[in-house]
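One structure is given below, encoded as structure tokens.
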Amino acid sequence: MAPISLKRYAVLASLCAATALAPLSVHAQQATVQDGIKVRPLSTSRIFAGGADFNAESKQQYAQLVNEAKEKNALVPDSDPQVKRLRAIAQRIIPFATRWNEAAANWNWQVNLLNSDEVNAFCMPGGQIAFYSGIITKLNLTDDEVAVVMGHEISHALREHSQAQAGKGNLAAVGAKLAGAGLSAWLGVDPNITSTATNMAAQGVMLKFSRDDEREADLIGMDLAARAGFDPRAGVILWQKMAAVSKGAPPEFLSTHPSGKDRISQMNSHMAQVLPLYARSKGVSVDALPPYRSNAIAQR
Ligand SMILES: [Zn+2]
């Protein structure tokens, strides 16, 4: 009998061990759960873009842009409610960034608002974000819509799209474009802050992204916003607003991106993947979510 009870004891002991370990393994599993938009490995061409130097360069260029904007009275002060609002939204989104790029845990995240009529926003490769006041005022953005724009721009940085474009040798193409076209028209940058923007483009920091990059940023942007408790349905409304203000000449944000129609249908076709993330963050089921409400934009 003795061997049997020993055996039984061994089984019991291993059961206990399994129980004791259970919370740990559940936790580990949660970190890699594939809900929402599927996490894919980063592009391999990005490794030819200079790695850490690229990030350091971006950070320096951003600091220069902020300084220049400050000198020209184009930097909205920290005390401004819109700056506080942008930073509060960023603070909710940033904790989810490492899901897409572990290095983001050590990024020097910054958020600034530039006084400019342009409908634009960007996030540098190391997490330095800028919004142009034009995108907030002209589109009368709700917090959910700001979050979707911010999520989109952050996604370009997390997926290292700039590095990938630079790694593919597109730097030369950027140079040619700069020589041939009006710089501020292409970048959508206020003429007041164009000289730093020239440097940024020349350094390959603000590259034109591919259509695939834009589509990916749209989806990951909605995923990030939804996890942070912002309604991903705002993405669709955002692009409808973009289309409404772009009668005639489209804003730069639109012209450097795939058509709004394309984007709206892509977002809608992935809504079932991101809406549950939003519902979960609100502690309700998808069916219990109220319809999305936006702000009207001023008709011109
Ligand atoms: Zn984009």
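Computed quantities for the displayed model
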| item | result |
| --- | --- |
| For Pro232: the one exception among (1) within 20 Å of Cys123 (Cβ to Cβ); (2) open to solvent by less than 40 Å² (accessible area, probe 1.4 Å); (3) assigned to a helix (DSSP H, G or I); (4) modelled with pLDDT of 80 or more | (3) |
| Qualifying residue in region 70-83 (condition: at pLDDT 90 or above and within 12 Å of Gly127 (Cβ to Cβ)) | no |
| Within region 134-155, considering residues that are touching a residue at least 24 places away in the same chain (Cβ under 8 Å) and hydroxyl-bearing (Ser, Thr, Tyr), the one farthest from the ligand (Cβ to nearest atom) | Thr142 |
| Pair list, Cβ < 6 Å and 6+ apart or interchain, from region 89-101 residues that are assigned to a helix (DSSP H, G or I) to residues that are basic (Lys, Arg) and surrounded by 21 or more Cβ atoms within 10 Å (Cβ to Cβ) | Phe96/Arg227 |
| Single residue of region 30-53 satisfying the filter (closer than 14 Å to Arg159 by Cα and not aliphatic (A, V, I, L, M)) that is modelled with the highest pLDDT | Lys38 |
| Qualifying residue in region 70-92 (condition: out of contact with any Asp or Glu (no Cβ under 7 Å at 6 or more places or on another chain), under 30 Å from Arg40 (Cβ atoms), crowded, with 17+ Cβ neighbours inside 10 Å and among the β-branched types (Val, Ile, Thr)) | no |
| Leading residue by the ranking (modelled with the lowest pLDDT) among those in region 205-229 that are among the small types (Gly, Ala, Ser) and within 16 Å of the ligand (Cβ to nearest atom) | Ser210 |
| Residue check, Ala10 open to solvent by 50 Å² or more (accessible area, probe 1.4 Å) and modelled with pLDDT under 65 | yes |
| Failed item in (1) in contact with a Gly (Cβ under 8 Å, 6 or more places away or on another chain); (2) farther than 28 Å from Ser43 by Cβ; (3) modelled with pLDDT of 95 or more, with Thr142 passing the rest | (1) |
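Quick grid of which residues meet (1) assigned to a helix (DSSP H, G or I); (2) open to solvent by 10 Å² or more (accessible area, probe 1.4 Å); (3) not small (Gly, Ala, Ser):
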{"position": "Phe122", "(1), (2), (3)": "no, yes, yes"}
{"position": "Pro125", "(1), (2), (3)": "no, no, yes"}
{"position": "Ile129", "(1), (2), (3)": "no, no, yes"}
{"position": "Gly134", "(1), (2), (3)": "yes, no, no"}
{"position": "Asp144", "(1), (2), (3)": "yes, yes, yes"}
{"position": "Ala147", "(1), (2), (3)": "yes, no, no"}
{"position": "His152", "(1), (2), (3)": "yes, no, yes"}
{"position": "Ser155", "(1), (2), (3)": "yes, no, no"}
{"position": "Ala164", "(1), (2), (3)": "yes, no, no"}
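The values are calculated or read from the model by the stated rules, or taken from the named source; none is laboratory data. All figures in this text were calculated on a predicted structure; none of them were measured in a lab. For neighbour counting, all protein chains shown are included, and Cβ atoms are generated from backbone atoms with ideal geometry for every residue, glycine included. Only protein heavy atoms, including side chains, enter the accessible area calculation; ligands, DNA and RNA are left aside. Shrake-Rupley method; radii C 1.70, N 1.55, O 1.52, S 1.80 Å.
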